[in-house]
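Report on the following structure.
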Amino acid sequence: MSHHPRLPLVLGLLLAVTAGVAIPLQGRINGALGTRLNDGVGAALVSFSIGLAVMVLMTCVLPGGRAGFRQIIPSVRERRFPPIYLAAGTIGAFFVFSQSLTIGILGVALFTVAAVMGQTLSGLLADRAGIGPAGKRPLTTMRLIGTALAVASVVWAVSPRFGATGDLQSWLIPVLLPVLAGFLISFQQAMNGTAAVHYGTPIIATLINFISGTSVLLVAWLIKTLIAGPGEALPAEWWFYLGGPLGCIFIGLGAVLVRSLGVLLTGLGMIAGQLVGSLVLDLAFPTPGTVVELATVAGPILTLVAIVLTTLPWPRRALRFR
């Protein structure tokens, strides 16, 4: 097992925000690729395949990657962590699949709120159960308040876009899919962080993620192609293929950060980065229907306040449940 020192809190939070910024950028790129291909599953498969190629290259070139690769079989054979952790990448594949299936119905705003609600709830549960490498973290009143504030900030930030969502009946059932996808994301980060500790590097945890995720998406794409036929030809523009490398960034950083910050705080930092990244994209490269109002700017600020509430050294009064 690796015993690398944990990151300082401020540095860890800055890295979490940076990782979060990559998420909306990846979503914008993959969404554009899915539109060009007329195939959301195919776009996700392209993104994962390129990410897998990047991680294979890093594993072969970097000494730490090669050393970590040699730890895969011993880690599995000695059951240093549950074997199910090897399938953590299927959660990422499910998240991308839920995007392609429901964003057309829900819109980006409602999808984001639903996924964040699921992620923050599971972050609390994963920390309390001690699933991640940071161990058990108590369920305190301030952590609950910070989590609720984070969800409220996302709702407020995306509220200007709710008008395009449609009536209640049209999205009430589809919204459960991104809630489930977001709920599973925190457990993916916890599993990756634990596996990375035993491999000695986040490179291999990220590599295994892309192997399992790509495998699931390949099967889904083959089934879709047999039923509905292939999509359009791949585009020539290079920027359509940046989604995979961006995925390497936030999956790899997430595996590192949960050891220092815990699952909940890592998730909150990434949510803050996601809101900041979305705001920058909306200002610099607006899409049709983009709305930037006071709420759009204030949402990320409120999320940062939520992070402060969950990290300050408040008196630790853990909530007890019977």
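The values are calculated or read from the model by the stated rules, or taken from the named source; none is laboratory data. Since this is a predicted model, take the numbers as computed values, not measurements. Glycine gets a Cβ as well: all are built from the backbone with ideal geometry, and neighbour counts include every protein chain shown. Only protein heavy atoms, including side chains, enter the accessible area calculation; ligands, DNA and RNA are left aside. Shrake-Rupley method; radii C 1.70, N 1.55, O 1.52, S 1.80 Å.
Using a probe of 1.4 Å, the accessible surface attributed to MET117 totals some 90 Å² when neighbouring protein chains are kept in position. Note that the range 248-255 has calculated 3J(HN,Hα) couplings of 4, 5, 7, 6, x, 5, x, 5 Hz, one per residue in order, obtained from phi through the Karplus relation 6.51 cos²θ - 1.76 cosθ + 1.60 (θ = phi - 60°); glycine and proline are x. Taking the protein heavy atoms of the range 1-81 in the context of the full set of protein chains, the accessible area attributed to carbon and sulfur is 70 percent at 1.4 Å.
By the compact-protein rule of thumb, 2.2 N^0.38 Å, the alpha-carbon radius of gyration of the range 1-89 corresponds to a ratio of 1.41.
Between ALA284 and MET142, the simple spin-label model (points 7 angstrom out along Cα→Cβ) gives 3.5 nm. Along the range 264-276 the Karplus relation, 6.51 cos²θ - 1.76 cosθ + 1.60 evaluated at θ = phi - 60°, assigns HN-Hα couplings of 4, 5, 4, x, 5, x, 5, 5, 4, x, 5, 5, 5 Hz to successive residues, with x for each Gly and Pro. A crude spin-label estimate for the pair ALA233 and LEU11, with each label 7 Å from Cα along the Cβ direction, gives 4.9 nm. Residue separation of VAL308 and VAL76 scaled by 0.36 nm, minus their Cα-Cα distance, works out to 79.7 nm of gained length.
Evaluate the Debye formula for the range 227-267 with equal point scatterers sitting on the alpha carbons, no solvent, and hand back log10 of I(q)/I(0) at q = 0.18, 0.24, 0.29 Å⁻¹, in q order, two decimals. The Cα Debye sum returns log10 ratios of -0.65, -0.81, -0.96.
Averaging Cα coordinates gives a centre for the range 191-237 and one for the range 30-69; these two points are 7 Å apart. Note on surface exposure: THR18, THR225, THR102 rank THR18, THR225, THR102 by accessible area, highest first, 1.4 Å probe. Residues in the range 173-237 average 42 Å² of solvent-accessible surface per residue, probe 1.4 Å, ligands and nucleic acids excluded.
Between the amide H of THR140 and those of LEU319, distances stay under 5 Å, these residues lying 5 or more places away or on another chain, with hydrogens modeled in the peptide plane. With a Förster radius of 51 Å applied to the beta-carbon distance between LEU294 and LEU57, the computed FRET efficiency rounds to 0.70.
Under a no-solvent Debye model with one identical scatterer per Cα of the range 7-157, what's log10 I(q)/I(0) at q = 0.09, 0.13, 0.20 Å⁻¹? Debye output, listed in q order: -0.41, -0.87, -1.45.
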